[in-house]
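The structure appears right after this line, and notes come after that.
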Amino acid sequence: MRITILATGSRGDVEPYVALGKGFLAAGHAVRLVTHEDFESLVASNGIEYWRVEGRVQEIAEGMAGLLEEGNFRAIMAEMGRQAKTGALRLADAGVEACRGADRIVGGIAGIYTGTAIAEKLDIPFTQAYYIPYTPTRAYPSFALPKTPLSIGPVNKLSYTLARQVMWQPIRAADTRVRREKLGLPPAPMSGPFNSPVLRGEPVLYGFSPVVIPRASDWGANVHVTGYWFLNRHEEWTPPPALSDFLLAGSPPVYVGFGSMSNQKPRETAQLVIDALTRAGQRGVILGGWGGLAAGDLPRSIFALESAPFGWLFPRMAAVAHHGGAGTTAAGLAAGVPGIVIPFFGDQPFWGARVQALGAGPAPIPRKKLTVERLAAAIEQAVSDGGMRSRAAEIGAKIRAEDGVRTAVEAAERSWAARG
């Protein structure tokens, strides 16, 4: 079967789809992945055919640094709506040719809108594949509206309808333009493309662990919670000697990094992290990445790292403090060490709340409320609370026993075979 995967966003957004694509490839399917220029080597190095979408995600993230730090969801969504006009056109330009001749199109939140339009144009079924709950349920509220006044079944289910509109309305104008100018299609309904015929009867795949988010009992039989889609890049990775020496020189350190969340004041943030680690009496590994965490003169107890596979790094940490992106949260939980979530926006508060509810980490600290005192207290709790450490280790062992990619591929194949 010929499968085209649409995967845009940050590395944490794209990497699970690379892992899923690699699984489809291993099962004998032809796989093509459509994503930004930033990730060409990531896709190609895993044997998947790369199809380029113009533009670099890092540049977009850096341009939104102020909004991301403030965590104003409405302002962020408004800016993303403006960015969507360009992004949707670029994805449509690349996606139509990338999907032509495919038997299935696969995509998640970042791909379903333009992807559904392309699927309708080419008459190809679209399989939804997400790493965060997006199917309405009475079991728990949507990630976009996790603090509903009353968390009961009807309110929870309504929150998904509202959340879909929060995601859909800012990009609706861009979607309409794509449909009219690029595809010759009528606009999608005001409610969005979720009742499109290309979605009917198709499986819905969820790349998270049922240990972390159990499958909702009111979901249909076509909805599958498979376990995380890990790429396992660490298996062939060799750490630089300086990092190995640092890890051997003392007790396990605490990791701190904010992934693709750009930072307007990187040196001030680095100093805050250094001061918090020092106050907590802990060694640390700070990751630069797009956040730009850097300091001219680090104490000997802190190691600055440009990049490392989380699957290798996190199990060697005493705790991991991060922004709460879905991929980083998954890696932290799988490592079996406590997680300290410092959410900026979007689904990050949802994951922070989930880590706390599981007993695998302290209460999340919103980025705009991050202080030396709060971070130091959270670090002290994460490294000294025996019950929390035991619970994190138990969750990690269960997650590592799962094979989310294989389960997802097999679920999709069964569903596709049943449809003929």
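The values are calculated or read from the model by the stated rules, or taken from the named source; none is laboratory data. Owing to the predicted nature of the structure, the values given are computational and were not obtained by experimental measurement. Neighbour counts run over all protein chains shown; Cβ positions are idealised from the backbone, glycine included.
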If you scan the stretch 361-387, which residues turn out to be of a type in the set (D, E, K, R) and in a helix (DSSP H, G or I)? Arg367, Lys368, Lys369, Glu373, Arg374, Glu380
For the stretch 23-51, what are the residues that are buried (at least 18 other Cβ atoms within 10 Å of the Cβ) and in a strand (DSSP E or B)? Val31, Arg32, Leu33, Val34, Thr35, His36, Tyr50, Trp51
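How many of the residues making up the stretch 194-227 are of a type in the set (Ser, Thr, Tyr) and within 18 Å of Lys157 (Cβ to Cβ)? Spell out the reasoning first.
Our first condition is that a residue be of a type in the set (Ser, Thr, Tyr); within the stretch 194-227, this holds for 196, 206, 209, 217, 226.
Restricting the remaining residues to those that are within 18 Å of Lys157 (Cβ to Cβ) gives 206, 217.
Selection size over the stretch 194-227: 2.
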For the stretch 184-231, how many residues meet the condition of being under 19 Å from Ile395 (Cα atoms) and of a type outside the set (A, V, I, L, M)? 12
Suppose we filter the stretch 189-210 for residues that are buried (at least 19 other Cβ atoms within 10 Å of the Cβ) and touching a helix residue (DSSP H, G or I) at 6+ places or on another chain (Cβ under 6 Å); how many remain? 7
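Yes/no per residue for (1) without any contact (Cβ under 8 Å) to a residue 60 or more places away in the chain; (2) surrounded by 24 or more Cβ atoms within 10 Å (Cβ to Cβ):
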site	(1), (2)
Arg300	yes, no
Gly311	no, no
Phe314	yes, yes
Val320	no, yes
Gly336	no, no
Gly339	yes, yes
Ala357	yes, no
Ala360	yes, yes
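Scan the stretch 179-206 residue by residue and report those that are touching a strand residue (DSSP E or B) at 6+ places or on another chain (Cβ under 7 Å) and assigned to a loop (DSSP other than H, G, I, E, B). First the steps, then the outcome.
Initial filter on the stretch 179-206 (touching a strand residue (DSSP E or B) at 6+ places or on another chain (Cβ under 7 Å)): 198-199, 202-206.
Within the stretch 179-206, Val198, Leu199, Glu202, Pro203 meet the criteria.
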Mind checking which pairs have a first residue in the stretch 100-123 that is assigned to a loop (DSSP other than H, G, I, E, B) and a second that is among the hydroxyl-bearing types (Ser, Thr, Tyr) and at pLDDT below 95, Cβ under 6 Å, 6 or more apart or different chains? Ala110/Thr8
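From Pro193, Pro136, grab the single residue that is within 21 Å of the chain's Cα centre (by Cα) and either assigned by TED's automatic domain parsing to the domain that holds Ala408 or among the β-branched types (Val, Ile, Thr) (or both). Reasoning before the result, please.
Details: Pro193 fails: within 21 Å of the chain's Cα centre (by Cα).
Checking each option against the conditions leaves just Pro136.
Quick one: in the stretch 3-22, of everything that is of a type in the set (Ser, Thr, Tyr) and outside any helix (DSSP H, G or I), which residue is nearest to Val409 (Cα to Cα)? Show your work before the answer.
Kept after step one, since they are of a type in the set (Ser, Thr, Tyr), are these residues of the stretch 3-22: 4, 8, 10, 17.
Narrowing further to those that are outside any helix (DSSP H, G or I): 4, 8, 10.
On the way: Thr4: 14, Thr8: 20, Ser10: 23 Å.
The residue in question is Thr4.
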Let me confirm something: among Ser251, Ser260, which residue is surrounded by fewer than 19 Cβ atoms within 10 Å (Cβ to Cβ) and either in the same structural domain as Ser384 (by TED's automatic domain parsing) or at pLDDT below 95 (or both)? Ser251
Yes/no for Ala378 being within 16 Å of Ala276 (Cα to Cα) and either among the aliphatic types (A, V, I, L, M) or not assigned by TED's automatic domain parsing to the domain that holds Gly284 (or both): yes
Yes or no: the stretch 388-405 includes at least one residue that is buried (at least 23 other Cβ atoms within 10 Å of the Cβ), of a type in the set (Lys, Arg), assigned by TED's automatic domain parsing to the domain that holds Phe258 and outside any strand (DSSP E or B). no
